[in-house]
Each structure stands twice: as structure tokens, then as C-alpha cells.
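One structure below.
The values are calculated or read from the model by the stated rules, or taken from the named source; none is laboratory data. In this text the structure is predicted, and so the values were computed from the model without any measurement. In this analysis, Cβ positions are derived from the backbone assuming ideal geometry, glycine residues included, and neighbour counts consider all displayed protein chains. Please note that ligands, DNA and RNA were not included when accessible areas were found on the heavy atoms of the full protein model with its side chains. Shrake-Rupley method; radii C 1.70, N 1.55, O 1.52, S 1.80 Å.
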Amino acid sequence: MPYKMLYLARRAKNVAWEDWPRTWKSHAVFASQFPAMDGTIDWMRYTTRIDDPSLGDLPVSTEHDGVSVSEAPVLDTFYGKGFSKEQRVLIDEDELRVFDRYTPDFSFYCTEKRPVDGPLGEAAVFRFLLRRPEVSREDFDAYLKDAHSRLAAEKAGELGVSRWAINFSIEAPPAPFPFDAIEECWFATPQDAAKALKASAMDAVTDDLAKVSVPEGMITMLTRPTHRWPREPKPSA
């Protein structure tokens, strides 16, 4: 079973918005020099928040700057256990050059349910889901994996979603970001993603999520890939 890591990034205060994609990518280049990273990740995308007024008024967050998503066959890859103490110090220093905090403080280590398999596109919508307090984690996961996944598969064609995944946090999420699951929808273009966010079919999906998550606590990110590594992900078996 593959594992995934996602994180909800905010740039460091001294990183200008126009420099953000390049600066973020430079962190990946920096980390890749260490042998512990060689060949251990199957695929990765850094997706930057889309800031395009021409797409209209959309229900998306502007409080964060991007979402990273990656997949690996071994969970320890994401915990950085292959790094030496000296390498970890260097990586931590570089993280604060790029981000507003250390990456473990905004990272989610996950398994996924994929209601719709297909290619990654040129835009992605991520929705970070805050579980309702009266809903147990077991019931939350079960609803998203069963009823909600069926609805996702039903609505994907109408919405133009090429790949639809629901990511479930393996452990307690980081305290500032108490999200137990992250919905991940890929589209061919940013225009397709923006259209989907305005569609009645997406309203039905959002209403369904509200049965087990807090609508006011959800963070929605409209993003585009600005760094890819190293190849297109393999279709699920």
C-alpha cells in the first residue's frame, strides 16, 4: 500500500509572492542532494495557489500559498528517518528560509481512497476537512470511503474531475491544522477547476461533506502544479 504526504504551505514573510514558486522549488532541489531522498519518492507535485481574478469570485482560501502532495512506498520516507542529524539541521534551516514554520508542523501523513482514477492535470482543488466533534474518527472515515466516494464517482464526469482522491491522516494531525482528511480533485485546466467550484454538482458534494465535517472549518485551495518530480504517477492497480 502506498503512502502519501500532503502539506499546506505558507511562505516565509520575507518571500515575495512573485518569488514563491521558484523559492519553494529551490527547497526541493536543496533536499534532493542528500542520498536519503534518492529514489524513495514515487511522485510529487508542488501546487501553488492560483491568484487569477479572471476566474471570478471563488470559495477558496488566500491565507495559504500552496499544497504539496507526494507518494512513496515506505512511510518512513516522509518522516525523514534516512537523514543524519547534521543533514536534518541543514534541512530545518532551509525550511525556515522558505516557509513560515517547519514542515512537520503543517504536514499530513496519509493513506488514500481513490474514487476516480486517472491522470493528474494542470489544476487541483484540495479541501482540508475538519471532522464534526460528534462524529467519531471511525465513522468519519467510513462515510468518506463509502457513501461520499460513491457520490464523488457519480459527479466526477459532470465536474470534469480527472482524478479524485480522499486522503486520510494516519496519525493525529498537527495542532494548528486539525484536519483528519483531505479531498484532492485534479482537473485538466485551472478554468475547468474554477467552473467546477461554481457548479451545482459541487454544491451537492460540499453538502455531503457537511454531514461529517464542519463547513466553516474547511480550507479550500485552488492550485496549479509549479514543480513536478520525477515522473507521472502510475495508475492504481
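Listed values, structure above:
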| quantity | calculated |
| --- | --- |
| Any chance residue 112 is of a type in the set (Asp, Glu), out of contact with any His (no Cβ under 9 Å at 6 or more places or on another chain), surrounded by 17 or more Cβ atoms within 10 Å (Cβ to Cβ) and on the phi < 0 side of the Ramachandran plot | yes |
| Residue match in the stretch 181-203 (condition: open to solvent by 10 Å² or more (accessible area, probe 1.4 Å), farther than 28 Å from residue 122 by Cβ and in a loop (DSSP other than H, G, I, E, B)) | no |
| First in the stretch 61-83 and in contact (Cβ under 8 Å) with a residue 12 or more places away in the chain and of a type in the set (D, E, K, R), second anywhere and open to solvent by 40 Å² or more (accessible area, probe 1.4 Å) and part of a helix (DSSP H, G or I), Cβ under 8 Å, 6 or more apart | 65/17 |
| Cβ pairs under 6 Å, 6+ apart, first in the stretch 99-126 and closer than 17 Å to residue 145 by Cα, second among the hydroxyl-bearing types (Ser, Thr, Tyr) and open to solvent by 60 Å² or more (accessible area, probe 1.4 Å) | 114/236; 117/236 |
| Criterion (of a type in the set (Gly, Ala, Ser), touching a strand residue (DSSP E or B) at 6+ places or on another chain (Cβ under 7 Å) and modelled with pLDDT of 95 or more) met by exactly one of 210, 188, 181, 204 | 181 |
| Subset of the stretch 7-50 (residues that are within 18 Å of residue 225 (Cβ to Cβ), of a type in the set (Asp, Glu) and exposed (fewer than 13 other Cβ atoms within 10 Å of the Cβ)) | 18, 19 |
| Within the stretch 72-95, considering residues that are open to solvent by 20 Å² or more (accessible area, probe 1.4 Å) and of a type in the set (D, E, K, R), the one modelled with the lowest pLDDT | 81 |
| Residue match in the stretch 163-175 (condition: at pLDDT 95 or above, more than 17 Å from the chain's Cα centre (by Cα) and not in a loop (DSSP other than H, G, I, E, B)) | no |
| Residue in the stretch 76-93 that is over 18 Å from the mean Cα position of the chain (by Cα), assigned to a loop (DSSP other than H, G, I, E, B) and of a type in the set (Val, Ile, Thr) present | no |
| Filter result (closer than 25 Å to residue 166 by Cβ and either among the basic types (Lys, Arg) or assigned to a helix (DSSP H, G or I) (or both)) within the stretch 29-59 | 45, 49, 55 |
| Residue within the stretch 127-150 that is among the aliphatic types (A, V, I, L, M), in contact (Cβ under 8 Å) with a residue 24 or more places away in the chain, surrounded by fewer than 19 Cβ atoms within 10 Å (Cβ to Cβ) and not in a loop (DSSP other than H, G, I, E, B) present | yes |
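To keep it simple, each residue is scored yes or no on (1) of a type in the set (D, E, K, R); (2) in contact with a strand residue (DSSP E or B) (Cβ under 7 Å, 6 or more places away or on another chain).
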{"site": "78", "(1), (2)": "no, yes"}
{"site": "90", "(1), (2)": "no, no"}
{"site": "112", "(1), (2)": "yes, yes"}
{"site": "143", "(1), (2)": "no, no"}
{"site": "150", "(1), (2)": "yes, no"}
{"site": "164", "(1), (2)": "no, yes"}
